[in-house]
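This report refers to the structure that appears directly beneath it.
Values in this text are rule-based calculations from the coordinates and carry no lab data. Predicted model, so just to flag it, every value in this text is computed and none were measured. Don't worry about glycine lacking a Cβ; one is built from the backbone with ideal geometry, like all the others, and counts go over all protein chains shown.
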Amino acid sequence: MFGWLQGGAGVVRTIAVVTVATSALSVGGVATADVAREACTYSPTRLPGMPGSGNDIAHVTSTDGSGHFAGMGYWGPPEELSSHIGMVWKDGQVVGNFGPLSTVSDVNRAGTAVGGTESLEPLLLHNGKLSQMGRPPGNTRYFAQASAINDAGLIVGGAKFDDGTEHAVAWSADDPRNPWDLGVTGRPWALKDISDSGELAGTVQAGARTRAVTGTVETGLRPLGGVDPAADSSATDIAGSFILGKGTIPGRGAGWVLWRDGVPSPLSTTATLQDVNGSGVVVGYESTNGVPTSAVVLNGTTRTVLPPLPGHRYADAFAITEDGSVAGRSHDGQYYQSTATVWTCR
């Protein structure tokens, strides 16, 4: 659905309005994903906070699917935290950070990570060097942020342009100063994730509705099928042939959805889901009175609650690796009382 327009020396890609017509991926029935189901006993281990920070307060939000994790720590004594810092861990140690008042969105297997500052400037940590990523023409006043990076170094995210429109944006880790404007989406940070094969997951505005979309930077976006086009849908994470999101499956109701090869299956859960791996295993957290309290893993019809680290009351899960390790935090009801945690599947 991208149009190709030659503009100066570069190529500008624009996203056409996503219609509510049924896409080529729509199906008449709903298939149940044939997910690998291996029993796990999960053991939690602690990741350190920022070296020299005076505390171990941190949490993990994403993974490269293997040995790298990314997230956020805090600077200062626990009773007087002064700054949040985007961090990258490898093999249980902090190997990079994004500086004061920063966050990290994602990291790939080379340890290249993307994130931004509190003032919403896009940042790249590549080959150990932190640099500011370029903004597309027309984006000088408002945010530009990267959401995800794959192992090939392709980065996706979004930006609000000076005219108030919100666009999808892509960068290359090898040339981060020259982004591609992928066109109007009507949604901030519309592109949420990218797989190692280059497939996208995101959400765009289609009239009064939101639509879950997939596609590639080269070929454009298309609606994810099998969900009611007259109801809102969204897509937040992708791994292999699986896409995690929300939608209304005709005859099955509204809620969390796991698409496999474009075919959706409902996920019966009250949890807030955060990530999926290439085997279709999903992680997230349950909440009580608005406070995240229980980290959960959904593996087919099996639901597992993860134990927090000793000394903590609660746990949240935000990311899962390809071998089934889960990452997030153990905490006492607040981010300021949390420890970055990895649960190993044994």
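Structure summary
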{"read-out": "Ordering of 221-232, 74-85 by packing [mean C-beta count within 10 Å, highest first]", "value": "221-232, 74-85"}
{"read-out": "Descending semi-axes in Å of region 191-294, equivalent ellipsoid built from Cα gyration tensor", "value": "21, 17, 13"}
{"read-out": "Per-selection Rg to Rh, region 61-177 - Cα, Kirkwood hydrodynamic radius", "value": "0.99"}
{"read-out": "Percent RCO, i.e. relative contact order, over the chain, from Cα pairs under 8 Å lying at least 6 residues apart", "value": "17 percent"}
{"read-out": "Relative contact order computed over region 148-251 (Cα-Cα under 8 Å; 6+ residues apart), in percent", "value": "19 percent"}
{"read-out": "Rounded to the nearest 20 debye, dipole of region 183-296 from Cβ charges on Lys, Arg, Asp, Glu", "value": "340 debye"}
{"read-out": "Among 162-170, 257-265, 312-320, the order from most to least packed when residues are scored by Cβ within 10 Å on average", "value": "312-320, 257-265, 162-170"}
{"read-out": "Per-residue Cβ neighbour rank within 10 angstrom, fewest leading, Thr103, Thr288", "value": "Thr288, Thr103"}
{"read-out": "About the Cα centre, charge dipole magnitude for the chain (Lys/Arg +1, Asp/Glu -1 at Cβ), debye", "value": "420 debye"}
{"read-out": "Region 146-202 - convex hull of alpha carbons, volume per residue in Å³", "value": "64 Å³"}
{"read-out": "Unsatisfied cross-links (Cα-Cα over 19 Å) in the set Lys129/Lys192; Lys90/Lys129; Lys90/Lys192", "value": "Lys129/Lys192; Lys90/Lys192"}
{"read-out": "Alpha-carbon centroids, region 87-130 and region 280-346: separation in whole Å", "value": "22 Å"}
{"read-out": "Over the chain: Kirkwood hydrodynamic radius from C-alpha pairwise inverse distances, Å", "value": "20.4 Å"}
{"read-out": "When region 172-226 is reduced to its Cα atoms, the Kirkwood hydrodynamic radius in Å", "value": "12.1 Å"}
{"read-out": "For region 221-346, with +1 on Lys and Arg beta carbons and -1 on Asp and Glu, the positive-most of Gln334, Ala254, Asn277 along the dipole", "value": "Ala254"}
{"read-out": "Reachable aspartates and glutamates from Lys246, criterion Cα separation under 17 angstrom, eight or more residues apart if same chain", "value": "Asp193, Asp228, Asp232, Asp237, Asp261, Asp275, Glu286"}
{"read-out": "Amide H contacts of Ser147 (H built 1.01 Å from N, under 5 Å, at least 5 apart or other chain)", "value": "Val156, Gly157, Gly158"}
{"read-out": "Assigned charges on the beta-carbon of Lys, Arg, Asp, Glu; region 98-213 dipole about Cα centre (debye)", "value": "220 debye"}
